[in-house]
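Here is the structure we will look at.
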Amino acid sequence: MTTKVAILAGGFGSRLAEETEIRPKPMVEIGGRPILWHIMRHYAAHGFRDFAIALGYKGEFIKKYFVDYCSLNSNLTVSPATGEIERHGGEVEDWRVDLIDTGQKTLTGGRVKRLAPYLGNETFMLTWGDGVSDVNVEKLMEFHRSHGKLATVTAVRPPARYGHLEFDGDQVAEFSEKPQTAEGWINGAFFVLEPAVLDYIDGDDVMFEHAPLQNLARDGELMAYRHDGFWQCMDTLREKHLLQELWSSGKAPWKTWD
């Protein structure tokens, strides 16, 4: 069985309201493609092409996107009399995508739990539908296999929101505009999980980041894969513009595919 990649794509994205009033946050575009597509392309570049996407807020947008994906990214020959459509050429991804309604108000833990029937009784990956990284997910999986615990979280150094200053007295000795913070690690998602992790989730009203991860840590079952490279979430319009600028420059660090 191939390793499933679960992606949570059902939240409201209220801090990005300028964009998410009309579409779910994972469908907000970077370089003309939804950020969800960027995340999936990254996993696929490392050989992980079997996805289970947890839908909620405006989930129909994501369903329509994938139903129309092949047609919109191929050349078409249409026979109106018969309704026959022949696709040829174009870009077609070798993916399998389960699109699962997990409820409008279900919290992150509940969404993971509702994906259980589609994950199989196998190790699976999990990430959020609004964050990109250049983390090597093959090495992440190797790390997870090596320690034998139930859960691995990718730990990242958060990007500083403002320019960082180093002083020599009152003189600015060093200025860096968008550094990673020099100390401290945060949850960067990009999890690898064993099926038994689902037993830590009681129901729809559970945040995965709260009791499940706290209890996994308490039980000694949560390990961290430290990633010093690029990581960026897209919670605000400012962060969306940052990602767009990186993509437009041709230097998007998360573009790990040809």
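Listed values, structure above:
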{"quantity": "Candidates Ile35, Ile7, Ile22, Ile30 - the one that is β-branched (Val, Ile, Thr) and over 28 Å from Asp94 (Cβ atoms)", "calculated": "Ile22"}
{"quantity": "Breaking point among (1) modelled with pLDDT under 95; (2) closer than 19 Å to Asp134 by Cα, for Gln171", "calculated": "(2)"}
{"quantity": "The lone exception for Pro117 - which of (1) over 24 Å from Pro34 (Cα atoms); (2) part of a loop (DSSP other than H, G, I, E, B) it fails", "calculated": "(2)"}
{"quantity": "Any hit, segment 174-196, residues being modelled with pLDDT of 95 or more, aromatic (Phe, Trp, Tyr) and assigned to a strand (DSSP E or B)", "calculated": "yes"}
{"quantity": "Spans of helices (runs of 4 or more DSSP H) in segment 1-113 with at least 2 residues over 16 Å from the mean Cα position of the chain (by Cα) and at pLDDT below 80", "calculated": "17-20, 59-72"}
{"quantity": "Qualifying positions in segment 23-52 - under 18 Å from His241 (Cβ atoms) and β-branched (Val, Ile, Thr)", "calculated": "Val28, Ile30, Ile35"}
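The values are calculated or read from the model by the stated rules, or taken from the named source; none is laboratory data. These figures come from a predicted structure and were not determined experimentally. Ideal geometry is used to build each Cβ from the backbone, glycine not excepted, and the neighbour counts take in all protein chains shown.
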